[in-house]
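Here is the structure we will look at.
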Amino acid sequence: MSESRPTIVAANWKMYKTPAEVAPWFDALERALPRARRERAPSLRLVFFPAFPLLPAAARALEGRDGLELGAQDCHWEAEGAFTGEVSLPMIAAAGARWVLVGHSERRQHFGETEETCARKLRAVLDHGLSPMLCVGETLGEREAGKAKTVVLRQLTRAADGLDRDGYRRLAVAYEPVWAIGTGHTALPDDAQEMHAAVREALAAIATLDLAREIPVLYGGSVKPDNAAELFARPDVDGALVGGASLDAESFAAIAEAGVGVSDES
Ligand code: PGA
């Protein structure tokens, strides 16, 4: 983390939970990480990415809870149209979400998401006044072939080149090595730091150095309560996108607590 950027700890619930499970989860989070504790770290932001049908229940649960923000896991780039099964950005915004994940590796791997569709989605998210969290990451084969940086920086620049100043100000990036997602294998903090620094350098090249310094770059891939603090201590790791460990409110709270630990201002 750094003093000029927020620390963001985000929960990606993927295709888990039903609307009835949402309010109890947030109540458990409040007990495990009370507001007074969160307020010690005003630069810590907690973001929740539930499945689409859970958004209204999550928006209700977040009412009056400062510092907690809502996001959707995907979107279509068109505002409306004959796209059966898709969800538009006006629908997402109306449901109370302010963030949208773009290019999660599970969408790239299983649902044909391409660099081209990621670029379109990212621009559409910005055009609708929302904030994109762009996910990038290499596969194990790509890492073993020594291509990790090439792949990650290509995904980044294809999706995020040519935005305006305001666009870069709303962007967050999540570096999620595919081999670390849901596998229990986390990148070593030094390896994560190296990639995050490379991402920031690439952001400086496509935007400006000042903007690149402001853009949060999160790490994702088997982040757990026992490895979060060490990751967050690295200078270019600005938080985490948490999948499996976010399903349980206590374990998510423990990861967020590591974020309080690095952001605590008093
Ligand atoms: P994981 O998922 O924490 O279960 O590895 C992270 C993600 O896919 O965003």
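The values are calculated or read from the model by the stated rules, or taken from the named source; none is laboratory data. Note that the structure is a prediction, hence the values are computed from the model and not measured. Glycine also receives a Cβ, built like all others from the backbone with ideal geometry; neighbour counts cover every protein chain displayed.
Glu138 - would you say it is surrounded by 16 or more Cβ atoms within 10 Å (Cβ to Cβ) and either basic (Lys, Arg) or part of a helix (DSSP H, G or I) (or both)? In short, no.
For Ala187, are the conditions met, namely being modelled with pLDDT of 95 or more and either on the phi < 0 side of the Ramachandran plot or not basic (Lys, Arg) (or both)? Judged against the criteria, Ala187 is not a match. Take the residues in the range 1-57 that are of a type in the set (Phe, Trp, Tyr) and assigned to a strand (DSSP E or B); name whichever of them is surrounded by the fewest Cβ atoms within 10 Å (Cβ to Cβ). Per the stated criteria, the residue is Phe48. Within the range 145-203, being surrounded by fewer than 17 Cβ atoms within 10 Å (Cβ to Cβ) and either part of a loop (DSSP other than H, G, I, E, B) or of a type in the set (Phe, Trp, Tyr) (or both) holds for Ala145, Gly146, Lys147, Asp161, Gly162, Asp164, Gly182, Thr183, Gly184, His185, Leu188. In the range 235-249, the residues that are in contact (Cβ under 8 Å) with a residue 24 or more places away in the chain form Cβ pairs under 7 Å with partners that are among the polar types (S, T, N, Q) and near the ligand (Cβ under 7 Å from one of its atoms), at six or more places apart or across chains, as follows: Leu241/Asn12; Val242/Asn12; Gly243/Asn12; Ser246/Asn12. Looking across the range 100-115 at every residue that is more than 13 Å from the ligand (Cβ to nearest atom) and in contact (Cβ under 8 Å) with a residue 24 or more places away in the chain, the one that is surrounded by the most Cβ atoms within 10 Å (Cβ to Cβ) is identified as Val100.
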